[in-house]
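Single-structure report; data block below.
The values are calculated or read from the model by the stated rules, or taken from the named source; none is laboratory data. Quick caveat: nothing in here was measured; it's all calculated off a predicted structure. Every residue, glycine as well, gets a Cβ built from its backbone with ideal geometry; the counts of neighbours run over all protein chains shown.
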Amino acid sequence: MAAAIALGTAVVSLALYGVQAILAGAPAAGEPATGGPAPLILLSGTLGALILSAAVAWNRLRPVDSYYRRGGLTLVSAFGTFVMAVLATPLYHFLGAGALLALAASAGAAGLFLLRGVSDRGAGS
């Protein structure tokens, strides 16, 4: 589940970085950006991250026989990704856009490391 949340966090951080990059080039009109590519990137990036997190968790929880438990843990992983997305917003506010890229890189590396560690452990037993 940690790998699923980490990979989802990497995707949502990249989406937030893309939105901030688009909005940084837009003139400040005092109005929220409701048109153009920024809202589409935000929505599709967030939903994509939740779906990726759920898919990775569902796949990795194959040994769990109960679909009820497997589905519940999958939803917890998706919710964890959403919480990380909410926490990434103040990260940008206080530390800047570079912090979103650093979060994406570190979360992606951690997710891939955890997936590889689980694959290696499963093959050896």
Among the residues listed as Ala105, Ala33, Ala97, the single one being at pLDDT 95 or above, aliphatic (A, V, I, L, M) and surrounded by fewer than 16 Cβ atoms within 10 Å (Cβ to Cβ): Ala105
Selection count where residues are modelled with pLDDT of 90 or more and outside any helix (DSSP H, G or I), scope the range 36-48: 0
Of residues in the range 49-72 being assigned to a helix (DSSP H, G or I) and touching a helix residue (DSSP H, G or I) at 6+ places or on another chain (Cβ under 6 Å), the one farthest from Ser13 (Cα to Cα): Trp58
Matching option when the condition is at pLDDT 95 or above, buried (at least 16 other Cβ atoms within 10 Å of the Cβ), among the aliphatic types (A, V, I, L, M) and under 16 Å from the mean Cα position of the chain (by Cα), among Ala3, Ala10: Ala10
Filtered residues of the range 73-96 (kept if of a type in the set (Gly, Ala, Ser) and in a helix (DSSP H, G or I)): Ser77, Ala78, Gly80, Ala85, Ala88
Hey, Thr74 among the β-branched types (Val, Ile, Thr), surrounded by 15 or more Cβ atoms within 10 Å (Cβ to Cβ) and within 13 Å of the chain's Cα centre (by Cα) or not: no
Residues being more than 21 Å from Leu115 (Cβ to Cβ) and under 12 Å from the mean Cα position of the chain (by Cα) - total across the range 46-71: 2
Check on Ala38, over 18 Å from Met1 (Cα atoms) and surrounded by 14 or more Cβ atoms within 10 Å (Cβ to Cβ): yes
